[in-house]
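Since the structure comes first, as structure tokens, the remarks are kept for the end.
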Amino acid sequence: MTRALIVIDVQESFRARPLWETISNPKIADQVDRLVRLARQAGDLVLWVLHSEPGSGDVFDPALGHVRLMEELQRRDTEPLIHKTSHNAFTTTNLQQLLTERGIRELTVCGIRTEQCVETTTRVASDLGYLVTFVIDATATNPIPHRDAPADQSVAELLSDPRTLSAEEIIRRTEYALAGRFAAITTVGQLEAAAGPRA
């Protein structure tokens, strides 16, 4: 086992936010589940990451009960579960230690949000020497407001503001930024096809 699938922040916290209605991939848990099945069949390590902000009082505060995997996903007891408090999955966790102990050199990443925690983890992993595969259609994100937009902007205002960067633009930008520099870009279907009939 030299490969690992890292599932980043596919958690109920996001569904608890009004912004969820703008998510680029509301069925992301289904895509992730397909990747998890592929990894298990190949004997790869599956590693789950959740974002946590203790004491924040928002949906990422564990005390509110939303910091848990989306209900469609089933983690096995043998699969590590890590709680992070930074954008990338390395800085505030023992992720690198877990990977090193298991001899992992190749990572497949997926999760929420495309350009934030998943991309940041990918960049750090690449700098640490890992070969990274970024599964673009097993990530999801939301439109991003312009830097001058009011902090209390409603979802309707976000969507009607011509300065808002759409989720589709964000995903496209991420793919261009990572490809050939930090990661190989692929899709769930391409990985399933490469795995053959067992997938």
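The values are calculated or read from the model by the stated rules, or taken from the named source; none is laboratory data. Since the structure is predicted, the reported quantities are computational estimates derived from the model, not experimental observations. Neighbour counts run over all protein chains shown; Cβ positions are idealised from the backbone, glycine included. With ligands, DNA and RNA removed, areas are computed over all heavy atoms of the protein, side chains included. Shrake-Rupley method; radii C 1.70, N 1.55, O 1.52, S 1.80 Å.
Below is a table of values for the structure above.
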| quantity | calculated |
| --- | --- |
| Dimensions (Å) - region 1-121, Cα atoms, principal axes, largest first | 40, 28, 27 |
| Whether region 18-80 is rounded, prolate or oblate, judged on the alpha carbon gyration tensor where a/c under 1.5 counts as rounded | oblate |
| At R0 = 25 Å, FRET efficiency that the Cβ-Cβ distance of Asp127 and Arg172 yields, to 0.05 | 0.60 |
| Relative packing of 135-147, 18-30, which averages over residues the other C-beta atoms within 10 Å, highest first | 135-147, 18-30 |
| Sites Ser86 and Ala193, calculated FRET efficiency, Cβ-Cβ separation with R0 41 Å, nearest 0.05 | 0.75 |
| FRET efficiency, 1/(1 + (r/R0)^6) with R0 30 Å, evaluated for Asn94 and Leu64 via beta carbons | 0.75 |
| Largest to smallest accessible area among Leu107, Leu128 [probe 1.4 Å] | Leu128, Leu107 |
| Calculated [θ] (222 nm, deg cm²/dmol) that DSSP helices of n ≥ 4 give over the chain, each run adding -39,500 (n - 2.57) | -8500 deg cm²/dmol |
